[in-house]
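Beneath this line is the structure, given in structure tokens, with notes to follow.
Readers should treat all values here as calculations from the given coordinates under stated rules, not as data from a laboratory. Since the structure is predicted, the reported quantities are computational estimates derived from the model, not experimental observations. Backbone-built Cβ (ideal geometry, glycine too); neighbour counts: all protein chains shown.
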Amino acid sequence: MWIKNVHLVDPAQGISGIRNVLVQDGVIQAISTDLDTGEQLSDEQALDGTGKYLFPGLIDVHTHLREPGLEEKEDIASGSAAAIRGGFTGIMAMPNTQPVIDQRALVEFVKHQGERAGLARVYPIAAVTKGQRGEELTEMVDLRAGGAVALSDDGRPIMNAEVMRLALEYAKLPDLIVITHSEDANLALDGCMHWGETSLALGLKGIPSSAEAVMVARDMLLAAQTGGKLHVAHVSAWESVEIIRQAKRQGIDVTAEVNPHHLIFSDEDVTLNSTALKVNPPLRSQEDCEALLQGALDGTIDFLATDHAPHTWEEKAQPMPEAPFGILGLETALPAVWQYLVQPGRLSVEKMVEMWSALPARRFHLPGGSLKVGEAADMVLFDPLAKERVSRDNLASKASNTPFLDQELRGLPVMTWVAGGLKQKDRRIL
Ligand code: DOR
């Protein structure tokens, strides 16, 4: 099949321009600027990409799939379908399930369920500590052998600095990156939004930026001391951006991600009952949003990531202090970043694709991230004019805790392929 006359964006190859792409046997066979095959192509042999973009399949380094144990929120099949609808061909699944993914058999279970779903490539992340209790390290070599691509206690901080130091030290052996949920639990205690003028006005308990930044600083020092590999999840505060920038200058082996909601919304959008915007770390000030974007533009922040965190309607219907933290991401993240950042010219389409595809693939040694000749055809066709009203009916996720509910998003992934197999067309799973 030829995808003709499409705007190919492939930062790993330095390509951004109109191309024709030939896919055969699940693999990219050719990329050409002029298409002269000498033969008439049938509809089956050619897809007209005029006015659309072709990206390497997006890779999300931060997804909560909730299986095993929390299937009322999401399961691996529904989460994989949400990924495919959103243009993601690879997703890294966080281990804060019940039970926590802290043993090899559980890592294998997640992988197996991902394969059974047969949609996106599902990569298990295993816990750093047993039960994510922050006390005793997991069997990292064993977890790696079972297919874990990284380690994280995401959802909970590792409060004991010595445990964190040992984690960074021991993770060097299986060559796994430790993904930190950088939060000081004492500073964050019982807060439900960013600590600032809005939290004071609403009378809601706030979580100060320092709750994140002190832990980011601690983890940089420990990474420097051990030479371990670190990835900072969901960076939200300008102070953290500054600390990571300095750490990179010093040659510390660290990467960082930003979630679209932290770039698009601020604490000023939060109201007394906007639980769809309750997320950890919380939406911070507009200055923080600016600093995060600057960090992304200058390479301090490496990846975009969704932190797709499904919760049930009933859980999110509780008052702000009681509702769980988390925002859905997989199906809305790409259209939202397109609409709020790329369209207004604040982030280039090339940078967006690099941060969501090439760079995560390289850092976590995952397939994909580029549509080079010979690579598996994991790709997404993006139509900047396609529109959709986000509704509970059309979301593939079991959950609907998104601030975009009932809003129209413009600019959608309209086809997603994994290894050349078409998995989604016109936002419907095949
Ligand atoms: O908002 C969040 N939700 N932040 C986290 O760190 C965990 C996540 C979840 O698991 O729901």
Task: aspartates and glutamates whose Cα lies under 13 Å from that of residue 111, excluding same-chain neighbours fewer than 8 positions away - done: 67, 75
Open item on the list: Only counting other Cβ atoms within 10 Å, I'd like 409, 422 sorted with the fewest neighbours first.
Closed with: 422, 409
Task: Selection from 323, 296, 358 lying farthest towards where the dipole of the stretch 282-390 points positive, charges on Cβ - done: 358
- [ ] Return the sequence-ordered ³J(HN,Hα) values of the stretch 352-363 in whole Hz as given by the Karplus equation 6.51 cos²θ - 1.76 cosθ + 1.60 applied to θ = phi - 60°, using x for Gly and Pro.
- [x] 4, 5, 4, 6, 10, 8, 4, 5, x, 4, 5, 5
- [ ] Determine by what factor the alpha-carbon radius of gyration of the stretch 74-189 differs from 2.2 N^0.38 Å, reporting the quotient.
- [x] 1.07
Task: Fewest-first sequence of 159, 164 by Cβ atoms within 10 Å of each Cβ - done: 159, 164
- [ ] Neighbouring Cβ atoms within 10 Å as the yardstick, rank 202, 395, 292 fewest first.
- [x] 202, 395, 292
TODO: Per DSSP H run of n ≥ 4, the term is -39500 (n - 2.57); total these for the chain, divide by its residue number, and report the mean residue ellipticity at 222 nm rounded to 500 deg cm²/dmol.
DONE: -7500 deg cm²/dmol
Open item on the list: Only four residue types carry charge here, +1 at the Cβ of Lys and Arg and -1 at the Cβ of Asp and Glu. Report the dipole size of the stretch 247-403 about the Cα centre in Debye, rounded to the nearest 20.
Closed with: 240 debye
TODO: Give the Rg/Rh ratio for the stretch 355-430, taking Rg as the radius of gyration of the Cα atoms and Rh as the Kirkwood radius, to two decimals.
DONE: 1.03
TODO: Sort out the exposed loop GluC sites (Glu not before Pro) in the chain (DSSP loop, at most 12 other Cβ within 10 Å) and tell me the longest stretch that has none.
DONE: 137-321
Open item on the list: Over the stretch 131-178, what portion of Cα pair distances is larger than 14 Å, expressed as a whole percent?
Closed with: 45 percent
Open item on the list: Kirkwood hydrodynamic radius, the stretch 101-168, all distinct C-alpha pairs: what's the number in Å?
Closed with: 12.2 Å
Task: Value of Rg to Rh for the chain (Rh from inverse mean 1/r over Cα pairs, i.e. Kirkwood) - done: 0.96
- [ ] Starting from the Kirkwood radius over alpha-carbon pairs of the stretch 123-270, derive D by Stokes-Einstein at 10 °C in a medium of 1.306 mPa s and give it in µm² s⁻¹.
- [x] 100 µm²/s
Task: Per-selection Rg to Rh, the stretch 4-113 - Cα, Kirkwood hydrodynamic radius - done: 1.14
Open item on the list: Output the 0 to 90 degree angle, nearest 10, between the alpha-carbon long axis of helix 161-170 and the longest principal axis computed from the alpha carbons of the chain.
Closed with: 40 degrees
